[in-house]
Structures are given as C-alpha cells and as structure tokens.
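Here the structure comes first, spelled out in structure tokens, and everything after it is commentary.
The values are calculated or read from the model by the stated rules, or taken from the named source; none is laboratory data. Bear in mind the structure is a predicted one, so any value in this text is a computation, not a measurement. A quick note on method: Cβ atoms are made from the backbone with ideal geometry, for glycine too, and the neighbour counts reach across all protein chains shown. These area figures cover heavy atoms from the full protein model, side chains too; ligands, DNA and RNA do not enter into them. Shrake-Rupley method; radii C 1.70, N 1.55, O 1.52, S 1.80 Å.
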Amino acid sequence: MRKKVLFVASECVPFVKTGGLADVVGSLPKYFDTEKYEVRVIIPNYICISSAWKEKMNFVTSFYMDMAWRSQYVGILEMEYEGIRYYFIDNEYYFAGDRPYGYIHEDVEKFAFFSKAALSILPVVDYQPDIVHCHDWQTGLVPVFLKDSFHAGEFYAGMKSIMTIHNLKFQGIWNIPAIQDATGLDMSCFTSDKLEAFGDANYLKGGIVYSDHVTTVSRTYAEEIKTPFFGEHLDGLMRARANSLTGIVNGLDYGEWNPETDQKIRKNYSKETFRTDKVKNKTELQKELGLEADKKKMLIGIVSRLTDQKGFDLIDCVMDELCQDEIQIVVLGTGEERYENMFRHFEWKYSGKVAACIYYSDELSHKIYAACDAFLMPSRFEPCGLSQLMSLRYGTLPIVRETGGLKDTVEPYNEFAETGTGFGFTNYNAHEMLGAVRYAESIYYDKKRSWNKMVKRAMEADYSWKSSAKQYEELYENMLNAAI
Ligand code: ADP
Ligand code: GLC
C-alpha cells in the first residue's frame with residue numbers, strides 16, 4: 001500500500017511565494033516515488049493568491065471549528081496540479097491582506113488557526129496521512145495539536161510528524177497569555193520542556209519538541225544550529241534532539257529552472273552552447289536595465305530578500321572599492337528599507353554600472369540567473385539557499401560565504417586541480433568577500449578557458465531533487481518501521 005504524506009506549509013509555488021520555502025514545498029512533493037508515496041499539500045487560501053489560480057480551485061465543503069473559546073469558519077478548496085492534490089484552507093478574516101505575513105501578533109493567531117484547521121479537515125476530505133510533514137514556525141503547532149489532543153481520536157492515533165526547519169531565525173514568538181487564549185492549549189503546555197522559551201510561547205520550539213523527527217535543509221546547517229552562534233537561542237534544544245535531527249539539502253525544480261527550455265529568458269542555451277549563447281542574455285539585460293552595453297564586462301547578479309541574513313552589510317562596506325573594478329552589478333530584491341535604499345543609492349552613484357531593481361519579479365529573476373557571469377551571496381548564515389543552485393544550473397558562478405547550504409553546494413575553485421563550481425570565502429569579513437570577488441574577476445578576465453570549464457562543471461552539477469527526495473523517503477521509511 002502507498003504511504004500517505006501530508007505537507008503543511010504557509011507558502012508554495014506557484015500559488016504564493018516570499019522565499020525559498022515556497023520553492024521547496026512546491027517542488028519536492030513531485031519528486032517522490034509515486035508507487036510508494038502519495039503526497040498532498042495544505043496551504044492557506046490567502047486573498048493575495050491570484051484570481052487565475054482561484055478560478056481553478058474547487059470548493060469542497062466548510063464547517064465550523066472550535067478554537068479556544070471561539071468557533072471559526074473553515075472552508076476547504078482543492079486543486080489537482082501537476083499530479084499533486086492541494087488543499088487551500090479558507091477563512092477571509094485570517095487570510096486577508098496583500099501578503100501572507102503581517103504583524104507577528106496577528107500571524108501567531110492566524111497560523112494557530114491554520115495548523116488546527118489543517119488537521120481538522122483530514123477526515124472531511126478522507127485523507128489519513130501516515131506522516132504529517134510540517135515546514136517552519138507557521139506550522140509548529142501542528143505536531144503540538146496532534147500529540148496534545150488529536151492523537152486521542154482513532155483517525156489520528158498513529159500519525160507521525162516531522163518538523164522541517166527552513167530558517168531557525170524565525171520562530172513565531174509571542175506572549176503566553178495571548179497564545180494560550182488563541183490556541184486553547186492547556187497551561188501545562190507552556191513549560192520550558194514544551195512551548196515556552198525565555199518567558200514566551202515559541203511555535204517552532206513546540207514543533208521541534210513535539211514532532212517525531214526534525215530535519216533541516218542542509219547538513220552543515222544541521223551541525224551549525226547546535227552552536228550558540230547559529231542556534232538562535234535554541235542550540236541547547238537542537239543538541240538535545242541531535243539523534244532525531246537530519247540535514248537534507250534542498251533540490252531545485254529542474255523542469256522550472258532549465259536554461260535549455262526557459263521561456264522567460266532571451267536565448268536558451270545548454271552546457272554545449274553557453275559559450276556563444278549565454279551572453280545574448282547579458283546584452284539584452286544590459287539594454288533592459290540601462291547598464292552600459294558591453295558584453296565583455298563581468299556582470300554580477302544578486303537576487304534576494306534584502307535582510308541582514310544575506311550579508312548586505314559586507315557589500316555596503318566595500319561597494320565603493322568594488323565599483324572601481326571592471327564589473328557591473330544587478331540587484332533584484334525587496335526587504336529592509338536600509339538595504340533597499342543602499343542599492344538605490346549605489347545605482348544613482350554608479351549609473352550605468354549598477355542596476356537596482358527593488359521589487360519582486362519572477363521573470364526578471366530568471367533573466368538575471370541566465371544573464372550574469374557570477375552571482376554574489378555573502379550570507380551571514382544560510383540554511384540551504386536556492387539562488388546559488390539556480391545560478392549553478394544557469395552556469396552563473398556563485399561567489400558565496402562558506403556557511404550552511406552554500407558550503408554544501410558550491411565547491412570552491414581550485415586552480416591547480418581545475419576543480420570547483422564557484423568561489424568561496426570563510427569569515428564574515430567585507431574584505432575577504434572583496435578578495436573572493438576579485439579572485440573571480442581575475443579568472444574571468446585572465447583565464448577565460450578555466451572560467452568556461454568551471455561554467456560547464458557548474459551546469460553539470462546535479463542539484464535536482466532526485467537524491468534529496470530519496471533521503472526523505474528513507475527517513476519516512478525508518479519512521480514508519482520504527483512505529484511498527
Ligand atoms: P530565502 O528562502 O532565504 O529567501 P533562498 O535562496 O532559499 O533564500 O530562496 C530565495 C528564492 O526567492 C529564490 O527562488 C529567489 O530567486 C527568489 N527571490 C528572492 N527575491 C526575489 C525577488 N525580488 N524577485 C524574484 N524572486 C526572488
Ligand atoms: C529559508 C532559508 C533558505 C532556504 C529556504 C528553503 O528561507 O533562508 O536558506 O533555502 O528556506 O529551504
């Protein structure tokens with residue numbers, strides 16, 4: 001019999017995306033062995049999901065769910081898309097707004113509702129998963145509700161749960177009285193061995209404590225989060241759960257991200273044709289963004305949420321020095337005002353050399369991955385990172401800080417052995433980063449043959465979901481066997 005798995009998450013490509021979480025939830029389910037596994041996905045039916053998708057959803061049914069002292073409307077919509085069944089939990093009060101996330105005090109209530117609703121709809125839609133696979137803090141209460149009350153019901157009794165940490169920095173923290181009021185959980189759940197951390201309620205901690213297994217999105221990050229620097233105050237808990245903590249690196253949807261077939265880029269290319277064809281994407285992008293038209297100039301790309309996590313203070317520190325070099329920089333991102341304005345400022349100061357696109361555009365992101373020569377990602381920490389995988393796939397060599405998933409996926413260039421797929425630096429230091437960029441420049445300008453060979457190696461590196469989906473299957477298998 002096929003094993004049933006349920007993904008519960010707050011975002012999912014192609015319906016709604018703010019970061020890599022959506023890419024993972026939208027692609028991993030497609031890569032399981034369909035003879036052994038059936039995977040379905042539950043996400044909220046946000047008002048901000050485009051009407052083109054909403055038109056394709058079918059209304060299943062609705063009911064009222066007890067949530068502490070309230071009774072809340074739960075609508076269920078469903079859609080079959082690329083072989084996967086998706087459920088969308090409907091509640092216009094909670095899922096209004098132009099973005100999935102807003103103020104934390106509202107989000108904690110919203111995702112408490114979502115987590116309980118995700119479990120509550122299962123008998124209604126007649127889907128009884130063997131494993132409930134939860135993603136990030138927004139679903140941290142799912143394992144809590146499951147063990148605390150749902151397990152008592154026959155339908156839920158044997159269900160196992162997994163908590164996948166995509167980013168330990170975001171934990172869903174708010175004061176205990178408000179969370180107790182919103183969730184209806186007994187006060188005995190809010191102790192330091194359960195949901196409480198440093199005096200507050202902490203959703204992700206709840207998920208980590210109550211789930212049967214914990215995973216995160218790269219091996220290196222799985223080790224890093226056991227240390228105080230990366231542990232975001234939960235490193236003790238991560239050490240305590242070390243025996244049930246696995247790091248599985250993310251993959252990429254190779255159907256969606258493929259320079260040979262990508263409809264969003266100017267000129268398709270392969271690992272055979274990139275030498276002549278990739279550059280056409282560069283000249284087109286230079287024209288589109290008002291950069292100086294020069295196909296020989298090394299073009300460095302950045303596509304990112306503009307937050308502290310991504311290392312933009314390093315760029316701020318050495319941007320003036322960097323802009324003296326023979327390079328161009330294109331940035332696509334939104335986030336903290338400080339970094340948005342920083343890039344706007346550099347675009348003004350180095351007009352024709354720096355392009356700052358301070359907005360969200362999936363289409364432009366494809367063009368940037370295809371057009372650039374190198375991709376800069378100097379993250380302070382990086383659980384996995386998908387942007388560098390996209391860059392590798394498009395033969396755009398990543399320059400990364402060697403942390404988390406960046407360390408696991410980008411092999412630094414070794415000019416003696418002629419190995420590697422990108423460039424790395426170790427310490428969180430602006431001039432170390434500048435050194436790595438300048439080293440890349442020297443290879444690009446002075447050793448073009450070596451550069452091109454590296455591009456080929458990057459395009460050949462396999463970061464499809466194939467091997468990572470297998471590792472999740474093995475984990476599911478072990479958990480289910482352990483249960484017998
Ligand atoms: P994170 O999840 O921490 O933001 P990842 O590297 O895992 O980092 O994933 C980021 C994803 O979001 C990538 O698919 C990247 O292309 C995309 N992305 C980030 N900012 C933008 C933007 N402004 N426009 C389009 N895509 C973006
Ligand atoms: C988080 C992390 C990122 C990771 C993504 C998907 O947003 O910041 O490193 O790739 O989740 O797992």
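For the reader, a short list of remarks on this structure follows.
- Residue 308 meets the conditions (1) surrounded by fewer than 21 Cβ atoms within 10 Å (Cβ to Cβ); (2) more than 29 Å from the chain's Cα centre (by Cα) in every case but one. The failed one is (2).
- Failed item in (1) within 25 Å of residue 334 (Cβ to Cβ); (2) free of Cβ contacts under 8 Å to residues at least 24 places away in the same chain; (3) assigned to a loop (DSSP other than H, G, I, E, B), with residue 46 passing the rest: (2)
- So residue 338, is it free of Cβ contacts under 8 Å to residues at least 60 places away in the same chain, open to solvent by 60 Å² or more (accessible area, probe 1.4 Å) and not in a loop (DSSP other than H, G, I, E, B): yes
- Any chance residue 387 is within 16 Å of ligand 2 (Cβ to nearest atom), open to solvent by 10 Å² or more (accessible area, probe 1.4 Å), touching a strand residue (DSSP E or B) at 6+ places or on another chain (Cβ under 7 Å) and within 18 Å of residue 264 (Cα to Cα): yes
Each row is one residue, and each column tells you yes or no for (1) within 16 Å of ligand 1 (Cβ to nearest atom); (2) modelled with pLDDT of 95 or more; (3) surrounded by 22 or more Cβ atoms within 10 Å (Cβ to Cβ).
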site: 278; (1), (2), (3): no, yes, yes
site: 284; (1), (2), (3): no, yes, no
site: 295; (1), (2), (3): no, yes, no
site: 304; (1), (2), (3): yes, yes, yes
site: 321; (1), (2), (3): no, yes, no
site: 334; (1), (2), (3): yes, yes, no
site: 342; (1), (2), (3): yes, yes, no
site: 363; (1), (2), (3): yes, yes, no
site: 368; (1), (2), (3): yes, yes, yes
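- Assessment of segment 124-134 against the conditions (touching a residue at least 60 places away in the same chain (Cβ under 8 Å) and within 16 Å of ligand 2 (Cβ to nearest atom)) yields at least one matching residue.
- Matching entry among 402, 415, 441, 432 (being out of contact with any Cys (no Cβ under 7 Å at 6 or more places or on another chain) and within 16 Å of ligand 1 (Cβ to nearest atom)): 402
- The one condition in (1) within 13 Å of ligand 1 (Cβ to nearest atom); (2) under 24 Å from residue 336 (Cα atoms) that residue 351 fails to fulfil: (1)
- Checking every residue in segment 360-381 against the condition of being free of Cβ contacts under 8 Å to residues at least 60 places away in the same chain and among the small types (Gly, Ala, Ser) gives at least one match.
- Residue in segment 394-405 that is buried (at least 20 other Cβ atoms within 10 Å of the Cβ), among the hydrophobic types (A, V, I, L, M, F, W, C) and more than 24 Å from residue 170 (Cβ to Cβ) present: yes
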